[in-house]
1. Averaged per residue, what accessible surface does region 120-180 expose to a 1.4 Å probe, in Å²?
2. Just subtract the alpha-carbon distance of Ser278 and Thr300 from 0.36 nm times their residue separation and send over the number in nm, one decimal.
3. In nm, give the distance between the simple-model label positions of Asn265 and Asp235, each being 7 Å from the Cα along the Cα-to-Cβ direction.
4. Report the Cα centroid-to-centroid distance between region 201-225 and region 249-307 in angstrom, as an integer.
5. For region 158-206, which whole percent of the accessible surface, found with a 1.4 angstrom probe, sits on carbon and sulfur atoms?
6. Across every pair of different alpha-carbon atoms, what Kirkwood hydrodynamic radius in Å does region 137-257 reach?
7. Using a probe radius of 1.4 Å on heavy atoms only, what accessible surface per residue do you get for region 234-344? Whole Å² is fine.
8. For Ala252 and Ala96, what does the FRET efficiency come to when R0 = 51 Å and r is the distance between their Cβ atoms, rounded to the nearest 0.05?
Amino acid sequence: MFRRRASEAKHEATVRDGGQGPGPVSSGRPATSRGPATSRGPARSDRPGSSGSSGAGEPGGAAAEPWAPPPAGLDVSAPHPARVWNYWLGGRDFFAADKAAGEEIGREFPHLAEMARAERAFLVRAVRFLAGPAKIRQYLDIGAGLPAGGNTHEIAQRIAPDSKIVYADNDPAVLLHAKALLGNPMLASTPDGAVCYTDADLRDVATVLAGAGSALSLSQPVALIMLGVLGHVSDYGAARSIASQLMDALPAGSYLVAADGVAANQGIISAQRRYDESARPRYGANAPAPYVLRRTDELTSIFDGLDMTEPGVVPCPEWRPDGRGPEGASGDAAVTVCGVARKP
């Protein structure tokens, strides 16, 4: 699967409810990561963009062309998975090579964009729940992707302006984008909150926690967000161990928010395999690590020992649908499952 988030600026406007190493930023958004470390979503390594499209828009939706020159030192002659994902979700942080690849991949693997939109819409609803009824004020978002409009800090801080967010990623290209884009006042943290990013690989739990501790108080509840990243850890036991180690380091009252792709049918399994095989020729050194589609019961076990919130582990469109995004469990969106659980 490929995964990530697109711009939620328009989507969020309807709500009104409410590089190197870690470092606070004045206007932030995270980066995505390449490899098992971060990428949100199967076969992908990015996060959404900054255009005015909702996370439920059509691939390439509102953004026909990129909106800004590339960050200094960034080669945009070849496509990058994070920017392709951004293009699919109607973002603006992509370039000509990314648009071309996005259109080609979309034709060959049409399920990927649908899964991305469903996961994106789930993120928005989950953060609204956390910042609202759950009263969470700290977030550690791993593998967030491109630092553009509509990410976790914007959703959380719209409801609770004092929210603090740390994004973790280890993709060099994403970190370059982050440094360039986090200066955009439209993406700025609220004065009462904080937005930081840390260069860390998901598999290096100690480094992730050290980066989180630079801005968050790990003695107070934290929402750990891992969307579409554990599938990039090929060994199931290792993926489950990473989630357990991270939650073990957080205090009671913390939450785990997770979503990943499942092996819903042989067609999806075959498509994912073909996508993974095509990634290296298509992206070269930017290719994401292969993505493992697991069984729903395996993903459910990630939440062992935690108190599940209703409705439990379900396809993304079925987690507290609000009418603003993709709904129902039919179609390709049903192959991405998610859950939110509280540490007792």
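The values are calculated or read from the model by the stated rules, or taken from the named source; none is laboratory data. Treat the numbers as computed from the prediction; the structure is a model and nothing was measured. As a convention, Cβ positions derive from the backbone with ideal geometry for all residues, glycine included, and neighbour counts pool all protein chains shown. We work out accessible area using only protein heavy atoms, side chains counted, and drop any ligands, DNA or RNA first. Shrake-Rupley method; radii C 1.70, N 1.55, O 1.52, S 1.80 Å.
1. 20 Å²
2. Additional length available on full extension: 5.0 nm.
3. Each label point is offset 7 Å from its Cα along the Cβ direction, giving 3.4 nm.
4. 21 Å
5. 56 percent
6. Hydrodynamic radius (Kirkwood, Cα pairs) of region 137-257 is 14.6 Å.
7. Each residue of region 234-344 exposes 42 Å² on average to a 1.4 Å probe.
8. 0.55
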